[in-house]
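Inspection log for the structure reproduced underneath, given as structure tokens.
Where a number appears in this text, it was derived from the coordinates with a stated rule and is not lab data. Note that the structure is predicted; figures quoted are calculated from it, not measured. So basically every Cβ, Gly included, is an ideal-geometry build from the backbone, and we count neighbours across all protein chains shown.
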């Protein structure tokens, strides 16, 4: 068994709350510095920066889980990840259709730009990406799984934008692949307060918006090989291995 260090919650220049220094090359270089083998790209309600970072990841020996941090109609944040570019493009169409037409205020929220491998701006999102989609958490979960993706409610310990805070509980019939806790809580401390979630698998990530935050919270995947399906299988305990939250 090999142990792979992962930070599965990283924002880029595309997120309005992401620092403009969070360009693809900076993210990959910082991931290498922090000895990460797997990173998750999770911009708010958009996947448009994923493909470039995936390219750089291949060149630098880093697996990139590509997806988005989606804001549901209930204003709960959920991480979503997809294996193929086709799945990613299909989900981007879903996001484009269901993102409200609320204009971004650059001075208040920040720029929302996608850049190419040379950091040239290739796209500017005019709509505010941190808006809630016009779809419920159940509808989004079903869409993600219809595309064979991973669906992980984000930072469920937080007092804002977590499924537990927004709904009051985690719906028992919601098909989740794991639950994410924030860098500000330890798993055992959280489970002491939420014993009903004991049987769920947990991950954690940095929720990085600035380069220095990348790798500050690491999930360790112990498995035979690195790959999307391998991660899915270990999350569902269908293959030998272990998941451990570090830091």
Two-site FRET efficiency, residue 212 against residue 185, from Cβ-Cβ distance with R₀ of 22 Å, rounded to 0.05: 0.60
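For an R0 of 30 angstrom, estimate the FRET efficiency from the Cβ-Cβ distance between residue 247 and residue 101 and round to the nearest 0.05. If you can, show how the numbers build up before the last one.
Working: r = 40 Å, r/R0 = 1.33.
Step by step, r from the Cβ atoms, then E = 0.15.
Within the P(r) computed for region 10-125, what percentage of the Cα pairs occupies the region above 26 Å?
In whole percent, the share of Cα-Cα pairs in region 10-125 beyond 26 Å is 15.
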Overall Cα dimensions of the chain, principal axis frame, Å, largest first: 43, 39, 32
The chain: most fluctuating residue of 207, 19, 43 per GNM, C-alpha cutoff 10 Å: 19
Convex hull volume per residue in cubic angstrom - Cα atoms of region 148-247: 122
Fluctuation leader among 183, 211, 172 - the chain, Gaussian network, Cα springs under 10 angstrom: 172
For 52, 106, 113, order by how many other beta-carbon atoms lie within 10 Å, fewest first: 106, 113, 52
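For residue 159 and residue 201, what does the FRET efficiency come to when R0 = 25 Å and r is the distance between their Cβ atoms, rounded to the nearest 0.05?
Numbers: r = 23 Å, r/R0 = 0.92.
The formula returns an efficiency of 0.60 here.
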Binned Cα-Cα distance frequencies in region 1-68 - 5 Å width, integer %: 4, 20, 31, 27, 13, 4, 1, 0
Part-to-part distance (alpha-carbon centres) for region 82-152 and region 14-66, which is given in Å: 15
GNM top mover of 226, 214, 53 - the chain, alpha-carbon springs below 10 Å: 226
Kirkwood Rh, Cα atoms: Rg over Rh of region 61-134: 0.98
Cα coordinate range in region 124-172, projected on the principal axes (Å, largest first): 35, 27, 17
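Dividing the alpha-carbon Rg of region 75-203 by 2.2 N^0.38 Å yields what? Kindly include the intermediate steps, with their values, before the conclusion.
Working: Rg = 16.5 Å, N = 129, 2.2 N^0.38 = 13.9 Å.
My calculation over the Cα atoms of region 75-203 gives 1.18.
By counting other Cβ atoms within 10 Å of each Cβ, how are 103, 216 ranked from fewest to most? Can you show the working numbers first?
Details: 103 8, 216 14.
Lowest to highest Cβ neighbour count: 103, 216.
Would you work out the relative contact order for region 2-245, in percent, from Cα pairs under 8 angstrom that are 6 or more residues apart?
Details: 544 pairs, mean separation 58.0, N = 244.
Taking the mean separation of contacting Cα pairs over the length of region 2-245, I get 24 percent.
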Longest to shortest principal axis, alpha-carbon extents of region 195-235, angstrom: 32, 31, 13
